[in-house]
């Protein structure tokens, strides 16, 4: 039945099977689409390890929120427990830490992500995706909130990524904010491109954001 359903002229590899289940197309992958020569391989031994089970606090991590390498080889790690952004040498030696728990300048309620969002700068994101921008030397140069331009409530993004060219790509809350849907459903959400100052550059429309299941309030497991 599988062979009869496949198009001989199709470029779909034999390791992929398409079938219909109750009117819904499903795709089952039984193997990689690439050859052994094309595959990426992760080395068995790490080239560098930073961290310890106990010892100096600057080497203790809990809930790492992000890590990146700067152009000169230094490594930056965001530690979610201490709400610190820590800088290490290329060899993994601790250099400095910035940030702490709080709600003032340079402080975090819940550091959630780390990125290279413009040139060699380091951007760390707080609880509601407020951006804190550091130089490559670890100096805080500015802080700014990022908002979902499609939310009349002024909400921060639901999710976010950024590029070295200085743009932020955000997913808004969409249906997740306002609808009480019972059962399984696909939530749609707006996607927007913002400039380095958080201003809307391009509205990319609504896209499927997630698959969720809603239950009535008061029901066990809700």
Mean separation of Cα contacts under 8 Å, 6 or more apart, over the residue count of segment 122-205: relative contact order %: 20 percent
Cβ-based exposure ranking for 42, 76, 191, in which fewest neighbours within 10 Å come first: 42, 191, 76
Segment 57-144, relative contact order in percent, only Cα pairs under 8 angstrom and at least six apart counted: 20 percent
Packing-based exposure ordering (other Cβ within 10 Å, fewest first) of 163, 29: 29, 163
Inter-centroid distance (Cα atoms) of segment 103-153 relative to segment 60-98, Å: 16 Å
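Values in this text are rule-based calculations from the coordinates and carry no lab data. Keep in mind the model is a prediction, meaning the values are calculated, not measured. With ideal geometry, Cβ positions are generated from the backbone for all residues, glycine too; neighbour counts draw on all protein chains shown.
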